[in-house]
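**Q** Structure in structure tokens, see below.
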DNA sequence: ACGGTCGTCTGACGGCTCGTCAGATACTCT
DNA sequence: AGAGTATCTGACGAGCCGTCAGACGACCGT
């Protein structure tokens, strides 16, 4: 189950090299946060990591490859969120669990913000690798949400006109994007608490058919 | 009401220069679509526009300034969408109008995709100018949607726990982001028609309190 | 301890874009 | 036609990209 790590020339790398590679990834994350998503330079990353620019290219063919590796790592933090959707929400009391999910997703998103934004950019542009990593991350949640909708439909709580998969994707879209607006929104009239409650209400209703 | 256009050195520019400036903006749009959002070079823009690189900097201090101008222009196409939200949706038959709004917004979004993505990136990063232009564009719709929610609440159609402004923003977020997922989604199980119906259902319910 | 070997790292380079001048060019008006 | 202004450009220093050939250093066998 443990993949050998490779350098760009194909050779299997040892312990020292793995540490260097990791230092480069850490530095990339640091600079993504410090300089913003569009202004990260390879030179700066290597400076930050205390290495020569050429070292970077020994482990990543380009900057995107490093971002991709970080996006892969982020999947591990998204996976546990599925547990908060089990079992399906089916009584008004489950609204509390919806709230917990919203909170957990918000934490996940803010933790990985820069990497996820870049991942989405590249995936939207059509890059196959970034599409794949995004799918693997999101399908975990989307599939589960779609099941919740389907169950709600068979139990008559949710209208049959809703497409379960599309509804699930819509909820993910809403969560993702609204979290980016968060700061600006709270400057324009809706407190974070109000945003949280509103997200919870809409999410809970869409996935369970119930009102809060 | 008509602002004089200025060069970067502050002088008011004449007709020929306005045309050149416009050619540069057109070229920027072309390349944003051709090369993707992250790979547009000033040199390429001027090549495309048949001008020297230095000419670009006569009208825009940097690439962002040109994008900002394009984002300003996009507002004109977002404004008319407000009309589709007047008067408020209050009967099941109004679902048809919600559908029309979803379609119109989808058209607007795909028309301006590249510019809007960059606008959001810069705005999310905290850039004041991009924040301002995004607010001016989105507040038109968000304010109107918030009014619809408020009305629905006074008429007892919508739960009072929903924050009108946050709910409106959540709907915008859902629309924006889901449209970016559109292609991938239709490859994974939900036809565009199903996505459209699902968006309509959720939007209609959130803003009117009614089922489709 | 010592030289050899292989894995890892780096200095230095050509090629490119950026953004800025000073000066060339094109238009306008008399 | 010629003066004057508006507009454009060639050429440049600076900085990043991505690639080599070779330097370094950790570990091995003797």
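**Q** Pick from B:54, B:106, B:17: which is in a helix (DSSP H, G or I), within 15 Å of DNA strand D (Cβ to nearest atom) and at pLDDT 95 or above? Can you show your working first?
**A** On the way: B:106 fails: within 15 Å of DNA strand D (Cβ to nearest atom); B:17 fails: at pLDDT 95 or above.
The match here is B:54.
**Q** Output the residues belonging to segment A:168-191 that are under 23 Å from residue A:90 (Cα atoms), touching a residue at least 12 places away in the same chain (Cβ under 8 Å) and within 7 Å of another protein chain (Cβ to nearest Cβ). So that I can check it myself, show each step before the final result.
**A** Looking only at segment A:168-191, we keep the residues that are under 23 Å from residue A:90 (Cα atoms), and these are A:168-175.
Filter once more, keeping what is touching a residue at least 12 places away in the same chain (Cβ under 8 Å): A:168-172, A:174-175.
Matches in segment A:168-191: A:169, A:170, A:174.
**Q** OK, next. What is the residue count in segment B:23-44 for residues that are within 10 Å of DNA strand D (Cβ to nearest atom) and closer than 16 Å to residue B:6 by Cβ? Full working, then the answer.
**A** Applying the first criterion (within 10 Å of DNA strand D (Cβ to nearest atom)) to segment B:23-44 yields B:23-24, B:43.
Those left that are additionally closer than 16 Å to residue B:6 by Cβ: B:24.
Qualifying residue count for the region: 1.
**Q** Another question, if that's okay. Taking segment B:26-51, which residues are farther than 21 Å from residue A:39 by Cα and outside any helix (DSSP H, G or I)?
**A** Within segment B:26-51, B:50, B:51 qualify.
**Q** Looking at (1) touching a residue at least 12 places away in the same chain (Cβ under 8 Å); (2) away from DNA strand D (no atom under 16 Å from the Cβ); (3) away from chain A (no Cβ under 14 Å), find the lone condition where residue B:49 falls short.
**A** So the condition that residue B:49 fails would be (2).
**Q** Please enumerate the residues belonging to segment B:15-35 that are within 24 Å of residue A:125 (Cα to Cα) and in contact (Cβ under 8 Å) with a residue 40 or more places away in the chain. Break it down into steps so the answer makes sense when it comes.
**A** If we filter segment B:15-35 for residues that are within 24 Å of residue A:125 (Cα to Cα), which is where we start, we get B:24-35.
Scanning segment B:15-35 gives B:24, B:25, B:28, B:29, B:32, B:33.
**Q** Residue A:8 fails exactly one of the following numbered conditions: (1) away from DNA strand D (no atom under 11 Å from the Cβ); (2) away from every other protein chain (no Cβ under 14 Å); (3) part of a loop (DSSP other than H, G, I, E, B); (4) surrounded by 12 or more Cβ atoms within 10 Å (Cβ to Cβ). What is the number of that condition?
**A** Going through the list (1) away from DNA strand D (no atom under 11 Å from the Cβ); (2) away from every other protein chain (no Cβ under 14 Å); (3) part of a loop (DSSP other than H, G, I, E, B); (4) surrounded by 12 or more Cβ atoms within 10 Å (Cβ to Cβ), residue A:8 breaks only (1).
**Q** Can you give me the number of residues within segment A:59-75 that are in a helix (DSSP H, G or I) and near DNA strand D (Cβ under 8 Å from one of its atoms)? Let's see the steps before the verdict.
**A** Going residue by residue through segment A:59-75, those that are in a helix (DSSP H, G or I) are A:59, A:63-75.
With near DNA strand D (Cβ under 8 Å from one of its atoms) added as a condition, the list becomes A:63.
Selection size over segment A:59-75: 1.
**Q** Let me ask something else about it. Would you be able to say whether some residue in segment A:5-21 is under 18 Å from the mean Cα position of the chain (by Cα) and either more than 10 Å from DNA strand C (Cβ to nearest atom) or closer than 13 Å to residue A:114 by Cα (or both)?
**A** Step one: list which residues in segment A:5-21 are under 18 Å from the mean Cα position of the chain (by Cα), which gives none.
Within segment A:5-21, none of the residues are under 18 Å from the mean Cα position of the chain (by Cα) and either more than 10 Å from DNA strand C (Cβ to nearest atom) or closer than 13 Å to residue A:114 by Cα (or both).
**Q** Scan segment B:34-58 for residues that are closer than 21 Å to residue B:112 by Cβ and more than 7 Å from DNA strand C (Cβ to nearest atom) and report the count.
**A** Qualifying residue count, segment B:34-58: 10.
**Q** How about segment B:192-212: which of its residues are within 8 Å of chain A (Cβ to nearest Cβ) and not in a helix (DSSP H, G or I)? First the steps, then the outcome.
**A** Kept after step one, since they are within 8 Å of chain A (Cβ to nearest Cβ), are these residues of segment B:192-212: B:194-195, B:197-199, B:201-202, B:205-206, B:211-212.
Listed by number, the residues that qualify are B:211, B:212.
**Q** Does segment B:154-167 contain any residue that is out of contact with any strand residue (DSSP E or B) (no Cβ under 6 Å at 6 or more places or on another chain), in contact (Cβ under 8 Å) with a residue 60 or more places away in the chain and either under 28 Å from residue B:70 (Cβ atoms) or in a helix (DSSP H, G or I) (or both)? Spell out the reasoning first.
**A** Initial filter on segment B:154-167 (out of contact with any strand residue (DSSP E or B) (no Cβ under 6 Å at 6 or more places or on another chain)): B:154-167.
Cutting the leftovers down to in contact (Cβ under 8 Å) with a residue 60 or more places away in the chain gives us B:155, B:157.
Still in the list and also either under 28 Å from residue B:70 (Cβ atoms) or in a helix (DSSP H, G or I) (or both): none.
No, because not a single residue in segment B:154-167 is out of contact with any strand residue (DSSP E or B) (no Cβ under 6 Å at 6 or more places or on another chain), in contact (Cβ under 8 Å) with a residue 60 or more places away in the chain and either under 28 Å from residue B:70 (Cβ atoms) or in a helix (DSSP H, G or I) (or both).
**Q** Regarding segment B:133-146, can at least one residue be identified that is within 20 Å of residue A:206 (Cα to Cα) and more than 7 Å from chain A (Cβ to nearest Cβ)? So that I can check it myself, show each step before the final result.
**A** Going residue by residue through segment B:133-146, those that are within 20 Å of residue A:206 (Cα to Cα) are B:145-146.
Remaining after also requiring more than 7 Å from chain A (Cβ to nearest Cβ): B:145-146.
Yes: one or more hits.
**Q** Could you please find all residues in segment A:88-123 being free of Cβ contacts under 8 Å to residues at least 60 places away in the same chain, away from every other protein chain (no Cβ under 13 Å) and more than 19 Å from residue A:143 (Cβ to Cβ)?
**A** A:93, A:96, A:100, A:107, A:111, A:112
Every residue, every condition in (1) modelled with pLDDT under 95; (2) buried (at least 21 other Cβ atoms within 10 Å of the Cβ); (3) within 16 Å of DNA strand C (Cβ to nearest atom), yes or no:
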{"site": "A:60", "(1), (2), (3)": "no, yes, yes"}
{"site": "A:63", "(1), (2), (3)": "no, no, yes"}
{"site": "A:66", "(1), (2), (3)": "no, yes, yes"}
{"site": "A:73", "(1), (2), (3)": "no, no, no"}
{"site": "A:80", "(1), (2), (3)": "no, no, no"}
{"site": "A:85", "(1), (2), (3)": "no, no, no"}
{"site": "A:89", "(1), (2), (3)": "no, yes, no"}
{"site": "A:96", "(1), (2), (3)": "no, no, no"}
{"site": "A:119", "(1), (2), (3)": "no, yes, no"}
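The values are calculated or read from the model by the stated rules, or taken from the named source; none is laboratory data. Computed from a predicted structure; not experimentally measured. Virtual Cβ from ideal backbone geometry, glycine too; neighbours counted across all protein chains shown.
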